[in-house]
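A.B. asks: Attaching a single structure in structure tokens format; questions to follow.
The values are calculated or read from the model by the stated rules, or taken from the named source; none is laboratory data. Just so we're clear, the structure is a prediction, and the values are computed from it rather than from any experiment. Cβ atoms come from the backbone with ideal geometry, glycine included; neighbour counts cover every protein chain shown. Each accessible area value is taken on the protein alone, full model and side chains, heavy atoms only, with ligands, DNA and RNA left out. Shrake-Rupley method; radii C 1.70, N 1.55, O 1.52, S 1.80 Å.
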Amino acid sequence: GESVGLHLPTLSVQEGDNSIINCAYSNSASDYFIWYKQESGKGPQFIIDIRSNMDKRQGQRVTVLLNKTVKHLSLQIAATQPGDSAVYFCAENDGGATNKLIFGTGTLLAVQP
Amino acid sequence: EAGVTQFPSHSVIEKGQTVTLRCDPISGHDNLYWYRRVMGKEIKFLLHFVKESKQDESGMPNNRFLAERTGGTYSTLKVQPAELEDSGVYFCASSPGLRGEQFFGPGTRLTVL
């Protein structure tokens, strides 16, 4: 798959546990942040986003936390399921006119049944 | 509604050959982005179109890469001549406006031998 050769940080959790995936960003001008999920052979799939005027946003089983003071973003997945196994990327916009995204390296989430 | 589509899904070529990748964005999305992920690295921005106009091509690696979006619909990304370091997965994304989610295609895996 696409991940061959990549040495991603890996988070291994048991099915039913909660998962927390962390991400640090560096661009102070960023005002929009997204978490994407990428399964093997597929493109990044939107999970949840958050704007810089918020510090927490919840979706279905997922919560994103934003700490602008330390430039830290986290994704919490409740009751992790085998179908959640994938590579998770955080991304920030560049704060400029094009809204281009700056991606993190990614974290491989492995859910053990 | 169809998502972002990309063609081909895989391409294997020899160094020095030419390859053209195609992206069909979601209908009505004026913004089209190209990104790529080379082995061992994070996903990186290449360029951004608004309709048929290039708004930002700051991520294009060199002049061997040429992107077009004639008519403001689908886009092509040509690599000529291809080099070994061009191998990776090329993603296309589209969005209706300059704020908010970018919808990604499945990517084209390019292998240069």
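A.B. asks: Restricting attention to strands (runs of 3 or more DSSP E) lying wholly within segment A:15-62, give those where 2 or more residues are touching a helix residue (DSSP H, G or I) at 6+ places or on another chain (Cβ under 8 Å) and of a type in the set (Gly, Ala, Ser).
C.D. replies: Correct list: empty, since no element meets the threshold.
A.B. asks: Determine whether residue A:64 is under 14 Å from residue A:21 (Cα atoms) and in contact with a Lys or Arg (Cβ under 6 Å, 6 or more places away or on another chain).
C.D. replies: In short, yes.
A.B. asks: Something else: Pull out all pairs, ordered by first then second residue, where Cβ-Cβ is under 6 Å, the residues are six or more apart or on different chains, the first lies in segment B:47-60 and is in contact (Cβ under 8 Å) with a residue 12 or more places away in the chain and more than 8 Å from chain A (Cβ to nearest Cβ), and the second is surrounded by 13 or more Cβ atoms within 10 Å (Cβ to Cβ) and charged (D, E, K, R).
C.D. replies: These pairs meet every condition: B:47/B:57; B:49/B:69; B:50/B:30; B:51/B:30; B:52/B:69.
A.B. asks: Okay, next question. Where residues in segment A:55-64 are of a type outside the set (S, T, N, Q) and under 11 Å from the mean Cα position of the chain (by Cα), which of them is surrounded by the fewest Cβ atoms within 10 Å (Cβ to Cβ)?
C.D. replies: Filtering first and then ranking leaves A:62.
A.B. asks: Sticking with this one: Considering only segment B:89-113, how many residues are over 16 Å from residue B:48 (Cβ atoms) and either more than 9 Å from chain A (Cβ to nearest Cβ) or touching a helix residue (DSSP H, G or I) at 6+ places or on another chain (Cβ under 8 Å) (or both)?
C.D. replies: Taking segment B:89-113 first, the residues over 16 Å from residue B:48 (Cβ atoms) are B:89, B:106-113.
Imposing the further condition that a residue be either more than 9 Å from chain A (Cβ to nearest Cβ) or touching a helix residue (DSSP H, G or I) at 6+ places or on another chain (Cβ under 8 Å) (or both) reduces the set to B:108, B:110-113.
Residues that pass the stated criteria total 5.
A.B. asks: Oh, and also: When residues of segment A:73-113 are filtered for being under 16 Å from residue A:31 (Cα atoms) and open to solvent by 60 Å² or more (accessible area, probe 1.4 Å), how many remain?
C.D. replies: Counting residues in segment A:73-113 that are under 16 Å from residue A:31 (Cα atoms) and open to solvent by 60 Å² or more (accessible area, probe 1.4 Å) gives 2.
A.B. asks: I've got another one for you. Looking at (1) of a type in the set (Gly, Ala, Ser); (2) closer than 22 Å to residue B:55 by Cβ; (3) away from chain B (no Cβ under 14 Å), which one does residue A:83 not meet, given that it meets all the others?
C.D. replies: Residue A:83 satisfies every listed condition except (2).
A.B. asks: Could you list, in sequence order, all residues of segment A:56-113 that are among the aliphatic types (A, V, I, L, M) and closer than 17 Å to residue A:15 by Cβ?
C.D. replies: A:62, A:77, A:78, A:79, A:86, A:108, A:109, A:110, A:111 - these are the residues of segment A:56-113 that are among the aliphatic types (A, V, I, L, M) and closer than 17 Å to residue A:15 by Cβ.
A.B. asks: From the set of residues in segment B:42-53 that are in a strand (DSSP E or B) and farther than 14 Å from residue B:23 by Cβ, which is least open to solvent (accessible area, probe 1.4 Å)?
C.D. replies: Applying the filter and picking the extreme gives B:45.
A.B. asks: What is the residue count in segment B:57-86 for residues that are assigned to a loop (DSSP other than H, G, I, E, B) and surrounded by 20 or more Cβ atoms within 10 Å (Cβ to Cβ)?
C.D. replies: Number of matching residues: 2.
A.B. asks: Which residue is surrounded by the fewest Cβ atoms within 10 Å (Cβ to Cβ), if the candidates are limited to segment A:38-54 and must be within 10 Å of the chain's Cα centre (by Cα) and over 15 Å from residue B:105 (Cβ atoms)?
C.D. replies: Going through the qualifying residues, I end up with A:49.
A.B. asks: Follow-up question, since we're still on this one. Exactly one of these conditions fails for residue A:70: (1) surrounded by 17 or more Cβ atoms within 10 Å (Cβ to Cβ); (2) without any contact (Cβ under 8 Å) to a residue 60 or more places away in the chain. Give me its number.
C.D. replies: Evaluating residue A:70 over (1) surrounded by 17 or more Cβ atoms within 10 Å (Cβ to Cβ); (2) without any contact (Cβ under 8 Å) to a residue 60 or more places away in the chain leaves (1) as the failure.
A.B. asks: Next up: Residue A:96 - would you say it is within 11 Å of chain B (Cβ to nearest Cβ), more than 21 Å from residue B:48 (Cα to Cα) and part of a loop (DSSP other than H, G, I, E, B)?
C.D. replies: Here the answer is no, as residue A:96 does not meet what is asked.
A.B. asks: If you go through segment A:31-40 one residue at a time, do you hit one that is at pLDDT 95 or above and either more than 25 Å from residue B:103 (Cβ to Cβ) or in contact with a Phe, Trp or Tyr (Cβ under 6 Å, 6 or more places away or on another chain) (or both)?
C.D. replies: Yes; the residues of segment A:31-40 include at least one that is at pLDDT 95 or above and either more than 25 Å from residue B:103 (Cβ to Cβ) or in contact with a Phe, Trp or Tyr (Cβ under 6 Å, 6 or more places away or on another chain) (or both).
A.B. asks: Now a separate question. Give me a count of the residues in segment B:1-35 that are open to solvent by 40 Å² or more (accessible area, probe 1.4 Å) and assigned to a strand (DSSP E or B).
C.D. replies: Counting residues in segment B:1-35 that are open to solvent by 40 Å² or more (accessible area, probe 1.4 Å) and assigned to a strand (DSSP E or B) gives 7.
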